[in-house]
Amino acid sequence: MQSKPCAGCGKLFHPRPQTPGQTYCASSACQRERRRRWQQARRQTDPDYRENQARAQAAWAAQHPDYWREYQRLHPAYRERNRCLQPARDARRAQRVLAKMDVWTRETSVPSGLYRLSPATRDDLAKMDAWMVRITTVSRPCAPSG
Ligand SMILES: [Zn+2]
């Protein structure tokens with residue numbers, strides 16, 4: 001059997017004669033990676049699988065209520081990274097919610113961007129000076145982790 005590059009580590013390996021279509025070498029790291037990719041693809045394409053996994057995880061979490069609290073206590077860097085990433089996750093979630101909401105909500109939110117600021121009068125606005133301002137959403141600053 002000819003050798004071919006492993007889809008995980010890239011090193012050349014000899015596929016087992018019983019499995020000529022083998023794409024990963026036998027190393028435990030590559031086999032773990034193969035399973036991880038398979039599960040990821042399955043979650044993205046199979047709603048039943050995804051739902052089943054979510055249910056199993058929820059059941060496990062219910063039986064181990066202190067696991068994540070304890071994990072975060074023992075891994076402060078993880079906790080800090082998570083805290084810094086949360087605003088971005090919240091923003092993505094808000095974006096998704098916003099996309100589902102009606103026009104009124106969309107018009108009342110101000111997206112980040114470049115805006116012209118000008119005095120609000122009834123005079124001829126074209127003759128007046130205008131300021132260019134940049135509006136950005138402000139979120140809680142994060143301390144560097146590590
Ligand atoms: Zn490999």
Q.
Tell me yes or no: at least one residue of region 61-68 is more than 16 Å from the ligand (Cβ to nearest atom) and among the charged types (D, E, K, R).
A. yes
Q | Output for region 1-26, where each listed residue is exposed (fewer than 13 other Cβ atoms within 10 Å of the Cβ), within 11 Å of the ligand (Cβ to nearest atom) and assigned to a loop (DSSP other than H, G, I, E, B) | A | 10, 11, 26
Q: Quick one: count up the residues across region 27-42 that are open to solvent by less than 100 Å² (accessible area, probe 1.4 Å), within 14 Å of the ligand (Cβ to nearest atom) and within 27 Å of residue 57 (Cα to Cα).
A: 7
Q: Name the residue, out of 40, 53, that is closer than 24 Å to residue 6 by Cα, under 19 Å from the mean Cα position of the chain (by Cα) and assigned to a helix (DSSP H, G or I).
A: 40
Q.
If I filter region 43-52 for residues that are within 16 Å of the ligand (Cβ to nearest atom) and open to solvent by 70 Å² or more (accessible area, probe 1.4 Å), do I get at least one hit?
A. no
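The values are calculated or read from the model by the stated rules, or taken from the named source; none is laboratory data. Predicted model, so just to flag it, every value in this text is computed and none were measured. All Cβ positions, glycine included, derive from the backbone under ideal geometry; neighbour counts span all protein chains shown. Remember, those area values only see protein heavy atoms, side chains included, never the ligands or the DNA or RNA. Shrake-Rupley method; radii C 1.70, N 1.55, O 1.52, S 1.80 Å.
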